[in-house]
1. Only residues that are more than 11 Å from chain B (Cβ to nearest Cβ) and either in a helix (DSSP H, G or I) or surrounded by fewer than 24 Cβ atoms within 10 Å (Cβ to Cβ) (or both): list them for region A:105-125, please.
2. Just to verify a result, which residue in region A:43-78, among those that are touching an Asp or Glu at 6+ places or on another chain (Cβ under 9 Å) and surrounded by fewer than 20 Cβ atoms within 10 Å (Cβ to Cβ), is nearest to B:ILE71 (Cα to Cα)?
3. Does B:ASP176 satisfy being more than 16 Å from ligand 2 (Cβ to nearest atom) and farther than 27 Å from B:ARG276 by Cβ?
4. Give region A:143-163 a look and list any residue that's within 15 Å of ligand 1 (Cβ to nearest atom) and either closer than 26 Å to A:ASN273 by Cβ or assigned to a loop (DSSP other than H, G, I, E, B) (or both), or say none.
5. Name every residue in region B:158-188 that is within 22 Å of B:ALA234 (Cα to Cα) and without any contact (Cβ under 8 Å) to a residue 24 or more places away in the chain, in order of residue number.
6. Quick one: A:PRO135 ticks every box in (1) more than 16 Å from ligand 1 (Cβ to nearest atom); (2) surrounded by 20 or more Cβ atoms within 10 Å (Cβ to Cβ) bar one, so which box is it?
7. Scan region B:47-67 for residues that are over 19 Å from B:CYS114 (Cβ atoms) and in contact with a Lys or Arg (Cβ under 8 Å, 6 or more places away or on another chain) and report the count.
8. Among the residues of region B:372-389, is there at least one that is surrounded by fewer than 17 Cβ atoms within 10 Å (Cβ to Cβ) and under 23 Å from B:LEU57 (Cα atoms)?
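Just so it is clear, none of the values below were taken in a lab; they were calculated from the coordinates. This structure is a prediction, so every number in the text was calculated from the model and none was measured. All Cβ positions, even for glycine, are placed from backbone atoms using ideal geometry, and neighbour counts span all protein chains on display.
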Number of protein chains: 2
Amino acid sequence: PDKMKSNKPRWTVRASEMSKNTLNPIRAIVDGMKLTPNPEKPMIALSIGDPTVFGNLPTDDTVLQAMKEAIDSYKYNGYAPSVGYQKSREAVANFYSRAEAPLESKDVILASGCSQAIELAISVLCNPGDNILVPCPGFSLYKTLAVSMGIQVKLYNLLPEKSWEIDLQHLESLIDEKTACVIVNNPSNPCGSVFTKDHLQKIISVASRNCVPILADEIYGDMVFPGRDFYPMAHLSSDVPILSCGGLAKRWLVPGWRMGWILIYDSNNIFGNEIREGLVKLSQRILGPCTVVQGALESILNNTPMEFYQSTVSFLKSNSEICFSELSTVPGLNPVMPSGAMYIMVGIEMEQFPEFQNDVEFTERLVTEQSVFCLPATAFEYPNFFRIVVTVPEEMMVEACVRIREFCARHYRPHSQDSNDLDQ
Amino acid sequence: PDKMKSNKPRWTVRASEMSKNTLNPIRAIVDGMKLTPNPEKPMIALSIGDPTVFGNLPTDDTVLQAMKEAIDSYKYNGYAPSVGYQKSREAVANFYSRAEAPLESKDVILASGCSQAIELAISVLCNPGDNILVPCPGFSLYKTLAVSMGIQVKLYNLLPEKSWEIDLQHLESLIDEKTACVIVNNPSNPCGSVFTKDHLQKIISVASRNCVPILADEIYGDMVFPGRDFYPMAHLSSDVPILSCGGLAKRWLVPGWRMGWILIYDSNNIFGNEIREGLVKLSQRILGPCTVVQGALESILNNTPMEFYQSTVSFLKSNSEICFSELSTVPGLNPVMPSGAMYIMVGIEMEQFPEFQNDVEFTERLVTEQSVFCLPATAFEYPNFFRIVVTVPEEMMVEACVRIREFCARHYRPHSQDSNDLDQ
Ligand SMILES: Cc1ncc(COP(=O)(O)O)c(C=O)c1O
Ligand SMILES: Cc1ncc(COP(=O)(O)O)c(C=O)c1O
């Protein structure tokens, strides 16, 4: 006020709107929780979608060997083209190409993790003011990215009682002329669900009828339990153009390496050159993933033994079964058996746990009392559930289930007809 | 027209405005050039800012060793925090911290190359409608990123006759209330210039007077010729907050590895928590650089021998001197001697080469006739110059200069007073 006459500039540096609008719900929720474990029990974190944290699921030695060879070759220290080396793109194309959905190197864009693949795919397909359809419950990054870019997010429902299939009517009802794409995440984080061929065909029909392209987040592709099949959406689509996002993170168990890709499927030439070129242009902003990993890619894809993949999914299945069978006899909890990926969702009958307002409070107290941390599914826009990561060592999984049972027994207050469960 | 009554959707998938607005002038110009070398002369590319292409400037073995140790440790395969491992950030902080501008790990944000560091820095400081001040000639990425985000770019002039110092009056005249930051690139691509302490202090004064933060692109930091000094801007600033962007790409000669960083200097707490938190949030979009490189970072920074750095810059100096002394006696060319980085800019007296409209035509014909490719400086918004990369092997540098001389001699048509040069 005493400076009214002065026009002298003053320092005011504010963070941009975009940075403020980059909201990570997992961080927002977890940071807001009081996570003080019970000092008498060692902490068991079932919350982190990183299969490497406990050391029980190392990547294959072939994968590490490939990296060391790439380093020793002295060939992968310079800049690669921003969409990746031709040879590395070709290796990905060959690995995923099938007669019904052929791929060439030009159909592959390498990116810094599946996260950047998704960012590029959304960025090329959507303008501010458009909307995208994303699964609920679903991986939070879609919304984080879209909102920060001024793209509206519409959530379509998954149905827990139908193994998390998409509510197709709901999906279709959300499509309007501003819908730029439908994101389908199969196998699913957080559900661990794997769609059947039939269901996938129905999803594609919805997209086809409405002329909406699909962004298929297939980062957990092929991570399905023995006896189940994974169908890349593109193998089932005759007209709908599909950007399939994937990477090394999950199947090869090296999420830190930040190697992702977009597979461009466009048999009917609907994307045409424009989308391809758009992706190339966007990739030039930060110039692709680490060249050492790119150099190792061909060998990683071609030489990793089948047994490695098989033993990973067998382990995930076995741990899921342990968790499912333990928790399905816990009164007040309703786990949904997964078929792939590395997660299991557990419903909480909140009305039977009157001490807790919601899944956030429930999981918070589970930490305080039992030192077990599960992610409240509010982080996936899906209250009254929590998500368990099934990559932890088996003993931990078992011990965690025991503690969850103890916790639930202590807080369970049946107050409705279905409370007979208590007597089991 | 015959479908007027039908409301049936039709396929129209367009690339987004943002992808269309992501313009890479280097690509646009180079792709538009007819680059058919003379079949009788082997091609010499002096155009690529990648010091690794000719194999004469390998990185140090310590650097490769550090990578292999990171791989063998099995510790760096999982997710790191999106801003990088605490230990890796600390290693960078320790490496660059000085009494006059101390750094802690919290002041370091790791990113996927200096390119992403710059993207994050611009993204956190600027809103659409703001403007940023960028050097002319200058590295094209600043404009590419800004334009795609709806941020206006104002070019401030560098003065070739003053070793590419900033025209400070011009710089200051461009600042208005919408100016979100000034980008200063020192040492410079494409100029190879290195600002004196005195000049840097004057730049900081301009920023200080006008309360505009500085984005210092210091990716060529410390790459200055023997006898010259590099001053990080932050060491000279008492009030202006500075985001300094750097990385391993150039000094450690591994641009493909995509390891960059932002150093946050904010001694007067003008950025405050907001900018830091904004950077953290933005980093969560694609989750930081490759963890293997992060794991190797401490050892790379601490164990790379001094001789490695010294021999790189000695080589660059020697090659620059060869190039400068050769070309400064070529009638019609005016090279500007650099003091660092890995480039030399050469002015073309266009009026003496009436066959060519501009630097693009000049360099195009240089390829056709002499199989030497230099980047026309139109790519840096600076017509009538071309840029030479001085990382090529010495014999190539010499041979390229001979051919450039031959080319110029052939096309030189003096038509003004200063044409006496011809007789030299
Ligand atoms: C469904 C889904 N998509 C994408 C990603 C991101 O993968 P990346 O680590 O390769 O960026 C994840 C990671 O958890 C995920 O669960
Ligand atoms: C001035 C300048 N800044 C930033 C970069 C980008 O560095 P990086 O390869 O680490 O993304 C370059 C690359 O040439 C550059 O010349």
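1. Across region A:105-125, the qualifying residues are A:SER105, A:LYS106, A:ASP107.
2. Ranking the qualifying residues of region A:43-78, first place goes to A:LYS68.
3. So B:ASP176 does not fit the description; no.
4. A:LEU145, A:ALA146
5. B:ASP167, B:GLN169, listed by residue number.
6. Of (1) more than 16 Å from ligand 1 (Cβ to nearest atom); (2) surrounded by 20 or more Cβ atoms within 10 Å (Cβ to Cβ), only one is false for A:PRO135: (1).
7. Number of matching residues: 1.
8. No - not one qualifying residue is present in region B:372-389.
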